[in-house]
Ligand SMILES: [Zn+2]
């Protein structure tokens, strides 16, 4: 389990995750039409607590599946709500031709094409689905022109039958 609060990027105020949703109650309420969102929240982790739980030894000996191994760094109360498809641990591939063309001594590419919807956005979508499920939500939506929606649909679909 992670130890975090939400922090407003505008006023800096911290909020308990269970008490806010999407925006800072103070700054988000001041939003005007046709203006960018105010009061977006970011995760502020208690890094001292993370440092105690998330060590090289703990990571190496973890039996957790996929990116749930990084639980202390994920903004979820538990890993129970993560969709079953997410793995998140993808291979590094040697990119010899590109390495030579760029005249680099070494080059690897992270191969996220092996993710369930072939997108790195599966990780964020899995977190969004898990956070929604933690809040008891049964519907989730996104604005997307492409792979974010595919990733969200891919991560949400198997969660529906587990609800
Ligand atoms: Zn604020």
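The values are calculated or read from the model by the stated rules, or taken from the named source; none is laboratory data. The structure displayed is predicted, hence computed values, not measured ones. All Cβ positions, glycine included, derive from the backbone under ideal geometry; neighbour counts span all protein chains shown.
Quick one: how many residues across segment 54-76 are in contact with a helix residue (DSSP H, G or I) (Cβ under 8 Å, 6 or more places away or on another chain), part of a loop (DSSP other than H, G, I, E, B) and surrounded by 14 or more Cβ atoms within 10 Å (Cβ to Cβ)?
Qualifying residue count for the region: 4.
Considering segment 34-51 alone, what residues qualify as being within 14 Å of residue 4 (Cα to Cα), without any contact (Cβ under 8 Å) to a residue 24 or more places away in the chain and surrounded by 12 or more Cβ atoms within 10 Å (Cβ to Cβ)? So that I can check it myself, show each step before the final result.
Filtering segment 34-51 for residues within 14 Å of residue 4 (Cα to Cα) gives 41-51.
Adding the requirement that they be without any contact (Cβ under 8 Å) to a residue 24 or more places away in the chain leaves 47-48, 51.
Listed by number, the list holds a single entry, 47.
If a residue has to be touching a strand residue (DSSP E or B) at 6+ places or on another chain (Cβ under 9 Å), within 11 Å of the ligand (Cβ to nearest atom), assigned to a loop (DSSP other than H, G, I, E, B) and closer than 27 Å to residue 53 by Cα to count, how many in segment 1-19 make the cut?
Residues flagged as touching a strand residue (DSSP E or B) at 6+ places or on another chain (Cβ under 9 Å), within 11 Å of the ligand (Cβ to nearest atom), assigned to a loop (DSSP other than H, G, I, E, B) and closer than 27 Å to residue 53 by Cα within segment 1-19 amount to 2.
Collect the residues in segment 96-123 that are outside any helix (DSSP H, G or I) and in contact with a helix residue (DSSP H, G or I) (Cβ under 9 Å, 6 or more places away or on another chain), keeping them in residue-number order. Talk me through it step by step, then tell me what you get.
Going through segment 96-123, the residues outside any helix (DSSP H, G or I) turn out to be 103-111, 115-120.
Of everything in segment 96-123, those that are outside any helix (DSSP H, G or I) and in contact with a helix residue (DSSP H, G or I) (Cβ under 9 Å, 6 or more places away or on another chain) turn out to be 104, 105, 106, 107, 108, 109, 115, 116, 117, 118, 119, 120.
Would you confirm whether any residue within segment 129-141 is assigned to a loop (DSSP other than H, G, I, E, B), in contact with a helix residue (DSSP H, G or I) (Cβ under 6 Å, 6 or more places away or on another chain) and either assigned by TED's automatic domain parsing to the domain that holds residue 4 or crowded, with 16+ Cβ neighbours inside 10 Å (or both)? First the steps, then the outcome.
The initial filter retains those residues of segment 129-141 that are assigned to a loop (DSSP other than H, G, I, E, B), namely 135-141.
Filter again for in contact with a helix residue (DSSP H, G or I) (Cβ under 6 Å, 6 or more places away or on another chain), leaving 140.
Then keep just the ones that are either assigned by TED's automatic domain parsing to the domain that holds residue 4 or crowded, with 16+ Cβ neighbours inside 10 Å (or both); that gives 140.
Taking every residue of segment 129-141 in turn, at least one turns out to be assigned to a loop (DSSP other than H, G, I, E, B), in contact with a helix residue (DSSP H, G or I) (Cβ under 6 Å, 6 or more places away or on another chain) and either assigned by TED's automatic domain parsing to the domain that holds residue 4 or crowded, with 16+ Cβ neighbours inside 10 Å (or both).
Being more than 16 Å from the ligand (Cβ to nearest atom) and either in contact (Cβ under 8 Å) with a residue 40 or more places away in the chain or under 27 Å from residue 125 (Cβ atoms) (or both) is the requirement here; does residue 93 meet it?
Details: more than 16 Å from the ligand (Cβ to nearest atom): yes; either in contact (Cβ under 8 Å) with a residue 40 or more places away in the chain or under 27 Å from residue 125 (Cβ atoms) (or both): yes.
It is true that residue 93 is more than 16 Å from the ligand (Cβ to nearest atom) and either in contact (Cβ under 8 Å) with a residue 40 or more places away in the chain or under 27 Å from residue 125 (Cβ atoms) (or both).
Which condition does residue 22 not pass, out of (1) at negative phi; (2) within 15 Å of the ligand (Cβ to nearest atom), if it passes all the others?
Every listed condition holds for residue 22 apart from (1).
Which numbered condition in (1) at pLDDT below 90; (2) within 16 Å of the ligand (Cβ to nearest atom); (3) in a helix (DSSP H, G or I) is the only one that residue 32 fails?
The one condition residue 32 does not meet is (3).
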